[in-house]
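Student: Questions regarding the structure given below will be posed in turn.
The values are calculated or read from the model by the stated rules, or taken from the named source; none is laboratory data. Only a predicted model underlies this, so the values are computations on that prediction, with no experimental measurement involved. When we count neighbours, we look across all protein chains shown, and the Cβ atoms used for this are built from the backbone with ideal geometry, even at glycine. Calculation scope for accessible area: heavy atoms of the full protein, side chains included, ligands and nucleic acids excluded. Shrake-Rupley method; radii C 1.70, N 1.55, O 1.52, S 1.80 Å.
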Amino acid sequence: MKKTIFEGSITTKGHRVTTLSGGTNKCDGTNNNLSQISGPTLISTLNLAAMTNDFTWDGTYNKLYDDYFVTRIENNSITDSKYWSTLIDYKMTEIGGCQQKVKQGQNILFAYDAFNKKHFLKLETLKKTIQIGSPLTIKVTDGQTGQPIDGAIVGDKQTNIQGYITIIFYKLGIQILKAHRLDSIRSNQVIINVTQ
């Protein structure tokens with residue numbers, strides 16, 4: 001994948017989900033009798049994000065596990081060797097997306113071909129507002145381990161062995177940054193406001 005399909009905040013709850021391949025089924029954390037209390041889930045979050053942000057997804061439904069298996073998001077379909085994986089706060093989940101409930105403030109990621117990637121990049125900076133022409137220090141780590149990542153590209157710069165990079169903005173306004181490396185899942189976005 002060469003781009004992030006959607007990144008943003010979603011307020012959701014458990015609800016019935018309909019896909020072309022899987023039909024309509026509940027998706028509220030009580031699936032497969034895992035919990036007696038319903039709530040928002042990974043798949044319900046994906047479903048609402050798709051409905052409100054103009055992208056599509058599909059998934060088959062397994063009656064045995066009472067859950068969906070994501071087969072496509074936008075134009076990115078699974079293959080014999082590439083799948084859609086789910087992560088919460090950069091950690092791989094271990095149960096189905098309608099069983100796995102989510103909480104406010106968690107970082108949720110549907111990652112394509114994650115099993116064949118070395119790192120899940122995390123982009124961080126202490127400042128979100130900076131004056132034009134001033135240096136901004138950014139750090140890139142592996143979100144799972146906290147390991148600094150060298151050789152990650154942010155804009156036209158590359159991180160050093162400690163995972164740091166310094167960027168100077170010469171244009172006013174909002175700047176959106178992401179980190180990427182060929183062997184890794186690209187990072188979260190960081191929005192920087194460049195002022196006078």
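Student: Across region 44-60, in residue order, what do the Karplus-derived ³J(HN,Hα) couplings come to in whole Hz, using 6.51 cos²θ - 1.76 cosθ + 1.60 with θ = phi - 60° and x for Gly and Pro?
Tutor: Here the 3J(HN,Hα) series is 5, 5, 4, 4, 5, 4, 5, 5, 9, 10, 6, 9, 10, 8, 9, x, 7 Hz.
Student: If you compute Kirkwood radius over Cα pairs in Å for the structure shown, which of [x] 18.1; [y] 30.3; [z] 17.3 do you land on?
Tutor: [x]
Student: Heads up, I need the accessible area for THR79: 1.4 angstrom probe, whole protein in place, Å², nearest 10.
Tutor: Here the residue's solvent-accessible area equals roughly 60 Å².
Student: What's the FRET efficiency of SER35 with PHE55 using the Cβ-Cβ distance as r and R₀ = 22 Å, to the nearest 0.05? Each step should come with its number before you reach the end.
Tutor: Numbers: r = 29 Å, r/R0 = 1.30.
According to the calculation, E is roughly 0.15.
Student: Hey, another quick one. Packing-wise, with mean Cβ within 10 Å as the measure, how do 151-159, 48-56 rank, highest first? List each step's numbers first, then the result.
Tutor: Details: 151-159: 16.6, 48-56: 13.9.
With the highest mean Cβ count within 10 Å placed first, the list reads 151-159, 48-56.
Student: Need the full-extension length gain, GLU124 to ILE161, defined as separation in residues times 0.36 nm minus the C-alpha distance. One decimal, nm. Before the final figure, lay out the partial values.
Tutor: Numbers: separation 37, 0.36 × 37 = 13.32 nm, distance 1.58 nm.
Gain on extension, GLU124 to ILE161, equals 11.7 nm.
Student: Sticking with this one: Decide, for region 15-116, between rounded, prolate and oblate: order the square roots of the alpha carbon gyration tensor eigenvalues as a ≥ b ≥ c, take rounded if a/c falls under 1.5, and otherwise choose prolate if a/b is larger than b/c, else oblate. Before the final figure, lay out each step's value.
Tutor: Details: a/c = 1.34, a/b = 1.19, b/c = 1.12.
It comes out rounded by the Cα gyration axes.
Student: Further question on the same structure: How high is the relative contact order of the chain, in percent, with contacts defined as C-alpha pairs under 8 Å that are six or more residues apart? Working shown, then result.
Tutor: Working: 435 pairs, mean separation 30.8, N = 196.
It rounds to 16 percent for the chain.
Student: Quickly work out the THR24-to-ILE174 label distance, labels modelled 7 Å from Cα along the C-beta direction, and quote it in nm with one decimal.
Tutor: 3.6 nm
Student: Pull up the DSSP beta bridges for the chain and report the antiparallel fraction as a percent, rounded to 5. Display every interim value, and only then the final one.
Tutor: Numbers: 40 of 45 bridges.
Of those bridges, close to 90 percent are antiparallel.
Student: A further question follows. In whole percent, how big is the carbon plus sulfur part of the accessible area of region 1-45, probe 1.4 Å, protein atoms only? Don't skip to the answer; put the middle values down first.
Tutor: On the way: 1320 of 2790 Å².
The C+S portion of the solvent-accessible surface of region 1-45 is 47 percent.
Student: Something else: TRP57's amide H: which non-local residues (gap 5+, or another chain) put their own amide H closer than 5 Å, with H modeled 1.01 Å from N in plane and none for Pro or chain starts?
Tutor: Amide H neighbours of TRP57: GLU74.
Student: From the phi angles alone, apply the Karplus equation (6.51, -1.76, 1.60; θ = phi - 60°) to region 36-42 and give each ³J(HN,Hα) in whole Hz, x where the residue is Gly or Pro.
Tutor: 9, 10, 7, x, x, 10, 4
Student: A further question follows. Holding the Cα-Cα limit at 27 Å, pick out from LYS3/LYS26; LYS13/LYS139; LYS13/LYS178; LYS91/LYS139 the pairs that are longer than that. Walk me through the intermediate numbers first.
Tutor: Details: LYS3/LYS26 30 Å; LYS13/LYS139 33 Å; LYS13/LYS178 29 Å; LYS91/LYS139 19 Å.
As for pairs spanning more than 27 Å Cα to Cα, those are LYS3/LYS26; LYS13/LYS139; LYS13/LYS178.
Student: Each residue of region 19-28 in turn: what ³J(HN,Hα) in whole Hz from Karplus with 6.51, -1.76, 1.60 and θ = phi - 60°, glycine and Pro shown as x?
Tutor: Result, rounded to whole Hz: 10, 4, 8, x, x, 9, 8, 5, 8, 9.
Student: Right, next: Could you give the distance between the Cα centres of region 164-178 and region 67-138, to the whole Å?
Tutor: If we compute the Cα centre of each part, the gap is 22 Å.
Student: Shifting gears a bit: Quick one: which residues, 5+ away or cross-chain, put their amide H under 5 Å from the amide H of GLY14? H built at 1.01 Å from N.
Tutor: Those lying under 5 Å, H to H, from GLY14 are GLY39, THR41.
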